[in-house]
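First up is the structure itself, then whatever we jot down about it.
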């Protein structure tokens, strides 16, 4: 069985971060190991939340793994809460990366043109340096602009703009770059990817609903890294990840008790398993 280790936060309620990554990766038939970066009562879309930094708990875990000789087929990062954690994960990648290890970074920095609470431009610059160690990164538009230290664009971005953005992001040292939340049309949203090795672009879209759904980025990223670890091409992995994210959204909309702060990805897992069996 393949094994992924993921470094991101534990959000105790709200279906995001590790509470998404663990079940999604496991449902894909891949072992999920964890490096929890913080403990939150709920995610940061709530007006208040508790937060406990777990940086000091990680080095003993990592040192024990070194002594035991553990290895990972993929290293997957999500929310990192401080400059110290970025440095720690950078060293972790150096220590645990093997010749075939996939390094997959979701550079969690912000959304809707703004940094998340607690982050600043120094943190964004540190994340850009970490991205240089990745095989694949999956920023949204806000994060892409922050990584490149460029202004967030006003209005809808056209395809030429996104292609240029992807090429610039690959200049950070990343072979394959995926921009999420791409919407060239008001009724569609999806992804556009760039392979710096071949110079080829890929795009895939699904239906867009006129409201925001929390946790969909984690659903998408966890599905994508799980598929890549199973040997999918980037195009097949992105197609599956977009489709599973859409299924999760539609399960939420169909639920009269659907919650504003998460998506019903749990009810969509049978679709994910069925797709994997048919591939």
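Numerical summary
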{"item": "Failed condition for residue 158, given (1) farther than 22 Å from residue 219 by Cα; (2) surrounded by 17 or more Cβ atoms within 10 Å (Cβ to Cβ); (3) modelled with pLDDT under 95", "result": "(2)"}
{"item": "Count of segment 136-155 residues which are farther than 19 Å from residue 102 by Cβ, within 19 Å of the chain's Cα centre (by Cα) and not in a helix (DSSP H, G or I)", "result": "1"}
{"item": "Filter result (assigned to a loop (DSSP other than H, G, I, E, B), in contact with a strand residue (DSSP E or B) (Cβ under 9 Å, 6 or more places away or on another chain) and without any contact (Cβ under 8 Å) to a residue 24 or more places away in the chain) within segment 182-206", "result": "185, 187, 197"}
{"item": "Test: residue in segment 22-29 that is free of Cβ contacts under 8 Å to residues at least 60 places away in the same chain and in contact with a strand residue (DSSP E or B) (Cβ under 8 Å, 6 or more places away or on another chain)", "result": "yes"}
{"item": "Residue within segment 59-67 that is crowded, with 22+ Cβ neighbours inside 10 Å and touching a helix residue (DSSP H, G or I) at 6+ places or on another chain (Cβ under 8 Å) present", "result": "no"}
{"item": "Selection status of residue 73, touching a helix residue (DSSP H, G or I) at 6+ places or on another chain (Cβ under 8 Å), modelled with pLDDT of 95 or more and surrounded by fewer than 18 Cβ atoms within 10 Å (Cβ to Cβ)", "result": "no"}
{"item": "Selection status of residue 209, surrounded by fewer than 23 Cβ atoms within 10 Å (Cβ to Cβ), touching a helix residue (DSSP H, G or I) at 6+ places or on another chain (Cβ under 8 Å) and either assigned to a strand (DSSP E or B) or at pLDDT 95 or above (or both)", "result": "no"}
{"item": "Residue within segment 171-181 that is at pLDDT below 95, surrounded by 16 or more Cβ atoms within 10 Å (Cβ to Cβ), part of a strand (DSSP E or B) and in contact with a helix residue (DSSP H, G or I) (Cβ under 9 Å, 6 or more places away or on another chain) present", "result": "yes"}
{"item": "Residues located in segment 8-17, provided they are surrounded by fewer than 24 Cβ atoms within 10 Å (Cβ to Cβ), under 15 Å from the mean Cα position of the chain (by Cα) and not in a loop (DSSP other than H, G, I, E, B)", "result": "10"}
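Residue by residue, here is whether (1) within 18 Å of the chain's Cα centre (by Cα); (2) in a helix (DSSP H, G or I); (3) surrounded by fewer than 24 Cβ atoms within 10 Å (Cβ to Cβ); (4) free of Cβ contacts under 8 Å to residues at least 40 places away in the same chain holds:
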{"site": "220", "(1), (2), (3), (4)": "yes, yes, no, no"}
{"site": "235", "(1), (2), (3), (4)": "yes, yes, yes, no"}
{"site": "246", "(1), (2), (3), (4)": "yes, yes, yes, no"}
{"site": "256", "(1), (2), (3), (4)": "no, no, yes, yes"}
{"site": "260", "(1), (2), (3), (4)": "no, no, yes, no"}
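The values are calculated or read from the model by the stated rules, or taken from the named source; none is laboratory data. Keep in mind it's a predicted model, so treat the numbers as computed, not measured. Every residue, glycine among them, receives a Cβ derived from its backbone with ideal geometry; neighbour counts consider all protein chains shown.
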